[in-house]
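Each remark here refers to the structure printed beneath this line.
The values are calculated or read from the model by the stated rules, or taken from the named source; none is laboratory data. It should be emphasised that the depicted structure is a prediction, and the values quoted were computed from it without experimental measurement. Virtual Cβ from ideal backbone geometry, glycine too; neighbours counted across all protein chains shown. Surface areas here come from the heavy atoms of the whole protein model, side chains and all, with no ligands, DNA or RNA. Shrake-Rupley method; radii C 1.70, N 1.55, O 1.52, S 1.80 Å.
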Amino acid sequence: MNVARLAVAPQVPPDAVDVLTPTFWTALLMLGALTLAGLLIVRIGKWMKKPDTDLAAADELTRFRQLYERGELGRDEYEKIKAKLVPRMRKELDLPAKPKEAPPPESAGP
């Protein structure tokens, strides 16, 4: 009975496999190229939307000074920002910390 079943089962001609192989590889190559292009687009999009956090303290202070001069930033806000950026700027420029003011000398009175 098994012999009869084998004789009736459809056989795949060997030429059909040869025809499918180039089509399969072409489709796989196209799918890979599209996937790579999609990933590249996503990476470029993230890179372009990344905030510019690598600004030096001096550049940031300049930007905030311009905002202050245009009136978009109040004096007290600017002074607070400046107080935070100046120590960082001194550190970046490798300058010594600003010395604290010494109290005025007391005079030896009469």
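Within the bounds of the range 51-58, is there any residue that is assigned to a helix (DSSP H, G or I), modelled with pLDDT of 80 or more and surrounded by 10 or more Cβ atoms within 10 Å (Cβ to Cβ)?
Yes; the residues of the range 51-58 include at least one that is assigned to a helix (DSSP H, G or I), modelled with pLDDT of 80 or more and surrounded by 10 or more Cβ atoms within 10 Å (Cβ to Cβ).
Name the residue, out of Leu73, Leu67, Leu85, Leu95, that is open to solvent by less than 100 Å² (accessible area, probe 1.4 Å), modelled with pLDDT of 90 or more and touching a helix residue (DSSP H, G or I) at 6+ places or on another chain (Cβ under 9 Å).
Numbers: Leu73 fails: modelled with pLDDT of 90 or more; Leu85 fails: modelled with pLDDT of 90 or more; Leu95 fails: modelled with pLDDT of 90 or more.
Just one listed residue meets the conditions, Leu67.
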